[in-house]
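The values are calculated or read from the model by the stated rules, or taken from the named source; none is laboratory data. Given the structure is predicted, the values throughout are model-derived calculations rather than measurements. Virtual Cβ from ideal backbone geometry, glycine too; neighbours counted across all protein chains shown. These area figures cover heavy atoms from the full protein model, side chains too; ligands, DNA and RNA do not enter into them. Shrake-Rupley method; radii C 1.70, N 1.55, O 1.52, S 1.80 Å.
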Amino acid sequence: MKVLRKSESMAVNDEIEREAATTLGYMIFEYSRLDMELGLFLVWSDDGKKLDSLTKRLNDSNFHKRLLLLEKLVQEKYAGTTTADIYTSWLSDAHLARSIRNQLFHGRWGFIPRQQQVANVIGLPTSSEQKETRYSISQLQDLLFKMQDLRSRLSELRQSYPV
C-alpha cells in the first residue's frame, strides 16, 4: 500500500467527501421523491374515493407508516395472488431502503482516504453499541441506483396493479 503524504491524503479525503456528499444528496432527492410518490399512490387508492381523508391521514405520516398502509391495501385487494407476491417483494425492498436511509442519514461520517472509503457510524463514541459501516463510493452509488429502481418499480405497480 502506498503511503500518502499529508497533502495528498487531504486531497483524497476532500475528493471522497465531495463524491460521497454528492451521492448522498442524490439519495435524499430519490428517497423524498419515492416517499411523495408512495403517498400520492395511497391517497388515490380505490380510485380516489377517500382522497380527502387519506390526504389528511397521510400528510404527516412517515414512510414506514405509508408502507404499512400499502401492505394492508394489497392484502385486502390481492391476497393469495401473484400480484400480492410482486408487492411483497417491492415492500421488502422498500423496508430495506428505509432501513439503509435511516442508517445513512442519522449516522455521522468519516473518511478513510487510503482505502478510498467512507465510514458511517451510528451511536455515541462512548457507547459499546456504536456501529461502523464502511462504503466505497461505488457502493453508495449502487444504493442510489437501488432507490431509483424502487421508484421505477412503484410506478409500474401503480400502473399495472393499482390498490
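Here are a few things to note about the model shown:
- Residue separation of Asp14 and Gln103 scaled by 0.36 nm, minus their Cα-Cα distance, works out to 29.8 nm of gained length.
- Farthest toward positive dipole pole in the chain [+1 Lys/Arg, -1 Asp/Glu at C-beta], among Val163, Ala11, Leu34: Ala11
- Pairs from Lys56/Lys146; Lys49/Lys77; Lys50/Lys146; Lys65/Lys131 whose Cα-Cα separation, in the structure shown, is over 24 Å: Lys56/Lys146; Lys50/Lys146; Lys65/Lys131
- Solvent-accessible ranking of Thr83, Thr55, largest area first, probe 1.4 Å: Thr55, Thr83
- Counting only Cβ charges, +1 for Lys and Arg and -1 for Asp and Glu, the dipole size of the chain around its Cα centre is about 260 debye.
- The 3J(HN,Hα) values that the Karplus relation (6.51, -1.76, 1.60; θ = phi - 60°) gives for the range 119-125 are, in residue order, 10, 9, 10, 10, x, 6, x Hz. Gly and Pro appear as x.
- Residues whose amide H comes within less than 5 Å of that of Ser61, counting only those at least five positions distant or on another chain, are absent (H built at 1.01 Å from N in the peptide plane).
- Proximal aspartates and glutamates to Lys72, defined as alpha-carbon separation beneath 20 angstrom and excluding residues fewer than eight positions away on the same chain: Asp35, Glu37, Asp46, Asp47, Asp52, Asp60, Asp85, Asp93, Glu156
- Note that the range 33-86, at 37 °C in a medium of 0.692 mPa s, gets a Stokes-Einstein diffusion coefficient of 285 µm²/s from its Kirkwood radius over C-alpha pairs.
- Average projection area in nm² (convex hull over Cα atoms of the chain, one quarter of hull surface): 12.2
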